[in-house]
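For reference, the structure is listed below as structure tokens.
The values are calculated or read from the model by the stated rules, or taken from the named source; none is laboratory data. Predicted model, so just to flag it, every value in this text is computed and none were measured. Cβ placement follows ideal geometry from the backbone for every residue including glycine, while neighbour counts extend to all protein chains displayed. Surface areas here come from the heavy atoms of the whole protein model, side chains and all, with no ligands, DNA or RNA. Shrake-Rupley method; radii C 1.70, N 1.55, O 1.52, S 1.80 Å.
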Amino acid sequence: MRKMILSLCCTLMAATGLFAQNDKADNIIGTYSAVNGGDAYKVRVTKSADGTYMAQIFWVKDKYDKNGNVWLDEKNPDKSLRKTPCDRIVLFRGLKYDASRQRWGDTKVYDPKRGIKANMTATFDGPKVLKVRGSLFGISETEIWNRE
């Protein structure tokens, strides 16, 4: 009987730990506002069916050019995505949480201004400030996303 109770307690503790880890990983889910080089935009981070995370722009302050046309993702290296409106660009897919380092990573982030992808990590700097870091060829840049 004691072994059974002990086994049940261990199982519950392990399950609680897994749920806590998932809760921490899921903390990245939400909407954020950011500014990059004077361009203001909003991003939505969601969880994919495979358990990873993705981010997509859903609002851009100045989404129209001087002719009244929506800015398109013209610099995208994937030619099939060059007609994507600026307020629908996917910034990353496949982001994973590393519980031991308490950060997200293991994917690439897309910079639509330059048309490049860089290695990505993300960490929280307080409850509402997400630091998104892209690194390529030893050069890194960090953007601050503020949770809405």
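Selection among P112, N27, S135 by position relative to the dipole of the chain gives N27 as farthest towards the positive end (Cβ unit charges, Cα centre). Relative contact order of the range 19-148: 19 percent, from C-alpha pairs under 8 Å at least 6 residues apart in sequence.
Segment R82..M54, full-extension length gain: 8.2 nm, with 0.36 nm per residue of separation and the alpha-carbon distance subtracted.
Of the residues R114, R93, R44, the one that moves most in a GNM of the chain with alpha-carbon contacts below 10 Å is R114. Split the accessible area of the chain by element, probe 1.4 Å, and carbon with sulfur accounts for 55%. Which FRET efficiency value, to the nearest 0.05, is calculated for D98 and N69 with the Förster distance at 35 angstrom and r the Cβ-Cβ distance? E between D98 and N69, to the nearest 0.05, is 0.30.
Residues F137, F124 ordered from highest to lowest accessible area at a 1.4 Å probe: F137, F124.
For the range 83-145, the convex hull spanned by the alpha carbon atoms encloses 102 Å³ per residue.
The residues packed around V45, meaning those with a beta-carbon under 12 Å from its beta-carbon, carry a net charge of +3 if Lys and Arg are +1 and Asp and Glu are -1.
Helices in the chain, meaning DSSP H runs of at least 4 residues, each add -39500 (n - 2.57). Divided by all residues, the mean residue ellipticity at 222 nm is -5500 deg cm²/dmol. Taking the Cα centre of the range 82-148 as reference, the dipole from Cβ charges on Lys and Arg (+1) and Asp and Glu (-1) amounts to some 260 debye.
Leaving out ligands and nucleic acids, note down the accessible area per residue over the chain with a 1.4 angstrom probe, in whole Å².
67 Å²
Run the reach check for K83 against aspartates and glutamates, Cα to Cα strictly under 13 Å, same-chain hits fewer than 8 apart removed. What comes back? Leaving aside aspartates and glutamates fewer than 8 places away in the same chain, those within reach of K83 are D73, E74. In terms of the Cα gyration tensor, with a ≥ b ≥ c the square roots of its eigenvalues, is the range 26-89 rounded because a/c is under 1.5, prolate because a/b exceeds b/c, or oblate? The shape class here is oblate. Computed about the Cα centre, the dipole magnitude for the chain is approximately 220 debye when only Lys and Arg (+1) and Asp and Glu (-1) carry charge, each at its Cβ. With 25 Å as the limit on Cα-Cα distance, the pairs of K42/K96; K42/K108; K42/K131; K79/K108; K108/K128; K47/K75 that go past it are K47/K75.
Between D106 and K128, the modelled labels are 3.1 nm apart [label points 7 Å from Cα along Cα→Cβ].
Report the FRET efficiency, 1/(1 + (r/R0)^6), for T46 and K113, where r is their Cβ-Cβ distance and R0 is 30 Å, rounded to 0.05.
The value I calculate is 0.85.
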